[in-house]
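Engineer: One structure follows; several queries about it will come next.
The values are calculated or read from the model by the stated rules, or taken from the named source; none is laboratory data. Keep in mind that what you see is a predicted model, and the values were worked out from it rather than measured. Backbone-built Cβ (ideal geometry, glycine too); neighbour counts: all protein chains shown. Remember, those area values only see protein heavy atoms, side chains included, never the ligands or the DNA or RNA. Shrake-Rupley method; radii C 1.70, N 1.55, O 1.52, S 1.80 Å.
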Amino acid sequence: MKVPDLKLHPLALLGLSILMGLLVLWGLLREIKRAESLLLTEWGRLRYLAYLLETEAPARRTPLSAETLKEELVARGFKLETVRGVSSGVEVETELTWRDLARLLSWLSSRDLRVKTFYAEDPSGEGNFRIKMVIE
């Protein structure tokens with residue numbers, strides 16, 4: 001069988017070139033779609049992971065008891081007059097110097113304890129505060 005001379009048939013050469021171009025384009029589009037599918041799948045996984053991290057339930061805080069708080073404060077050198085459990089936390093009454101007050105508040109902050117109500121009065125004017133607070 002004789003192969004036709006394509007120089008004599010320019011339309012056949014053009015048709016063959018278009019056909020080859022379409023085949024290459026089809027292969028490239030298939031690869032692009034496959035890569036897009038992989039990227040979207042991975043993106044979906046990462047978005048789901050980000051959602052789970054954002055909606056993570058906070059760790060449950062153990063309820064604060066008056067006895068354990070009193071033991072820890074006495075161990076740190078604070079002299080407490082009254083420590084009792086109330087409905088909103090633990091009520092503490094004491095008399096502290098301004099330095100001890102700063103140390104107490106710093107320690108409460110480091111333990112992630114919150115002072116719900118706080119009342120301090122310095123009747124002497126010398127930095128000896130009469131403290132009443134509720135800690136939760």
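Engineer: Given the conditions (1) open to solvent by less than 70 Å² (accessible area, probe 1.4 Å); (2) without any contact (Cβ under 8 Å) to a residue 60 or more places away in the chain, report the number of the one that Ile135 does not fulfil.
Structural biologist: (2)
Engineer: Within the range 104-126, which residues are on the phi > 0 side of the Ramachandran plot and either over 40 Å from the mean Cα position of the chain (by Cα) or basic (Lys, Arg) (or both)?
Structural biologist: Gly125
Engineer: Output the residues belonging to the range 54-68 that are closer than 23 Å to Phe129 by Cβ and open to solvent by 50 Å² or more (accessible area, probe 1.4 Å).
Structural biologist: Matches in the range 54-68: Leu64 only.
Engineer: Among (1) open to solvent by less than 100 Å² (accessible area, probe 1.4 Å); (2) at pLDDT below 85, there is one condition Lys2 misses while meeting the rest; what is its number?
Structural biologist: For Lys2, the exception is condition (1).
Engineer: Name the residue, out of Arg61, Arg76, that is closer than 30 Å to Val90 by Cα, under 28 Å from the mean Cα position of the chain (by Cα) and at pLDDT below 95.
Structural biologist: Among Arg61, Arg76, only Arg61 is closer than 30 Å to Val90 by Cα, under 28 Å from the mean Cα position of the chain (by Cα) and at pLDDT below 95.
Engineer: Pick from the range 69-114 the residues that are touching a helix residue (DSSP H, G or I) at 6+ places or on another chain (Cβ under 7 Å) and under 15 Å from Ile135 (Cα atoms): which of them is surrounded by the most Cβ atoms within 10 Å (Cβ to Cβ)?
Structural biologist: Val90
Engineer: Something else now. In this structure, does Lys33 turn out to be of a type in the set (D, E, K, R), outside any helix (DSSP H, G or I), out of contact with any Asp or Glu (no Cβ under 9 Å at 6 or more places or on another chain) and exposed (fewer than 12 other Cβ atoms within 10 Å of the Cβ)?
Structural biologist: Against the criterion (of a type in the set (D, E, K, R), outside any helix (DSSP H, G or I), out of contact with any Asp or Glu (no Cβ under 9 Å at 6 or more places or on another chain) and exposed (fewer than 12 other Cβ atoms within 10 Å of the Cβ)), Lys33 does not qualify.
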